Every structure is written in structure tokens, then in C-alpha cells.
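Data block below; observations after.
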Amino acid sequence: MSSSPRRALLVIDVQNEYFTGSLRIEHPPVSVSLPNIGRAMDAASAAGIPVIVVQHDLPETAPVFARGSRNWQLHEEVARRPADHHVMKSMASAFTGTDLAAWLSSHGIDTLAIAGYMTHNCDAATIFHASHAGLKVELLQDATGSLPYENAAGKASAEEIHRVFCTVFHSNFAAVASTENWIAAAREGQALGQDNVYLSNQRATASKAAQAA
């Protein structure tokens, strides 16, 4: 029988920038994601799961996350809760240029659960980094969020970005689950399952064939 996951909860960049600043999360709405982040932190602490808070940190002259500004500060819902470790980062991945990998190793963590923002940017970079480093990864799908983009390559809504990234994560890089299901698994010390590229594609192909029939 496999052992229980040795989890840590990584709460990424829950800063005022995403609520009242220039980068406002749209999907899922923060009225959903923020309470779920708080619930996950509380459940982790109750279960003895370490909570790591990550904060994006850019120079004082930066247009977003300017060090020392109100928008740089952690949202009060995260700031008021206890954390076992605090990581300051300046790149998308919470591992790059930080002590996160060393901290996880020293605490025997083999499973990294991720909440916070943004699904497609700092969450994604951290998920890929952790997966390639050999960690099991979990994403709390309704405790994260995206915003819309438009550039020379195209445009996409916040819902599209969030949904597509979560689908891709679950196919190969992370077990994607609701906050409710993650809390239940954490309480029971159970692992969350994820899918694979082959089966994810085969289901889509079968669905397409069925619709065409």
C-alpha cells in the first residue's frame, strides 16, 4: 500500500493587485476563489499540512506588484492567517531564485498543492517546475483564477484561459480538483488522481465522433 502524501499547500500571489489593482481576476470570480483559498489554508493548518505563502515582488517603479505599494501587499484574507514559510519571488515560478525547493526537501514534502493566482501564469510555471522536479502536484481549481488577454497572437476570455489550462494540467502535470474535494482528501491523507495525455485525447476524439454520427 502506498504511503499518504506528504503535502504542502502553496498559496501563490494572493495580493491586492488582483483585486483592486490593474490585474483583476475574472474567472472564477474572486468571490468564489478567495473564500476557497481561506478554506484551504484553514483545512491545511488543521490537518498539519504546512502552508507556504508566496508573494510576487517587483521594483518600486514597476507598474504592477511594486514593492511596498498597497497592491503589492498580501490580501488580508491570506495575511491574517498563519503560514509556515514565506517566499518572495520575482519570476513566474515560485521555485526560480527562491529557497522553495530546499524548504520542501528539508521538510520531506512530496506533494505540492497549489492555490492562488494566476492559473495560467505563476500557477502554471510553478506546476510545470514542480512536476519536472519529481513532485506530485495538485491544483485547487476553484481557488485559482485567470483574466482575459488580447495580443498579436490572438485573444481569449478569462474562462477560456482558466478552463484550457486546467484541462492541460490534469492531462499530465497535476491532479486538478475542487477545493471541497481537496480538503476531503487532505483530511483523509488520500492522494488525488490525475489523467494522462492519451486518455484525455481519446475521450475528446470519441466525443467528436459521437457528435458527428
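Every number in this text was worked out from the coordinates using simple rules, so none of it is lab data. Just so it is clear, the model here is predicted, and its values are computed rather than measured. Cβ coordinates were reconstructed from backbone atoms using ideal geometry, including for glycine residues, and neighbour counts include every protein chain displayed.
Just a few scattered comments:
- Residues that are touching a strand residue (DSSP E or B) at 6+ places or on another chain (Cβ under 6 Å), of a type in the set (S, T, N, Q) and under 30 Å from SER22 (Cβ atoms) do not occur anywhere in the stretch 150-173.
- Of all the listed residues (SER93, SER69, SER45), the sole one being at negative phi, in a loop (DSSP other than H, G, I, E, B), hydroxyl-bearing (Ser, Thr, Tyr) and touching a residue at least 24 places away in the same chain (Cβ under 8 Å) is SER93.
- Candidates are the residues of the stretch 131-190 that are of a type in the set (S, T, N, Q) and in contact with a helix residue (DSSP H, G or I) (Cβ under 7 Å, 6 or more places away or on another chain); the one that is surrounded by the fewest Cβ atoms within 10 Å (Cβ to Cβ) is ASN172.
- For the residues SER90, SER3, the requirement of being of a type in the set (S, T, N, Q), farther than 19 Å from ALA113 by Cα and surrounded by fewer than 16 Cβ atoms within 10 Å (Cβ to Cβ) singles out SER90.
- Residue check, ALA83 assigned to a loop (DSSP other than H, G, I, E, B), under 19 Å from the mean Cα position of the chain (by Cα), in contact (Cβ under 8 Å) with a residue 60 or more places away in the chain and surrounded by 16 or more Cβ atoms within 10 Å (Cβ to Cβ): yes
- Boolean, VAL53 is assigned to a helix (DSSP H, G or I) and in contact (Cβ under 8 Å) with a residue 40 or more places away in the chain: no
- Positions within the stretch 93-123 being surrounded by fewer than 19 Cβ atoms within 10 Å (Cβ to Cβ) and closer than 17 Å to ALA47 by Cα, in sequence order: HIS107, GLY108, ASP110
- Single condition LEU34 does not satisfy, out of (1) in contact (Cβ under 8 Å) with a residue 40 or more places away in the chain; (2) in a loop (DSSP other than H, G, I, E, B): (2)
- Total residues in the stretch 38-70, condition out of contact with any Leu (no Cβ under 8 Å at 6 or more places or on another chain) and buried (at least 17 other Cβ atoms within 10 Å of the Cβ): 5
- Checking GLU77 against (1) out of contact with any strand residue (DSSP E or B) (no Cβ under 8 Å at 6 or more places or on another chain); (2) without any contact (Cβ under 8 Å) to a residue 40 or more places away in the chain, the condition it does not meet: (2)
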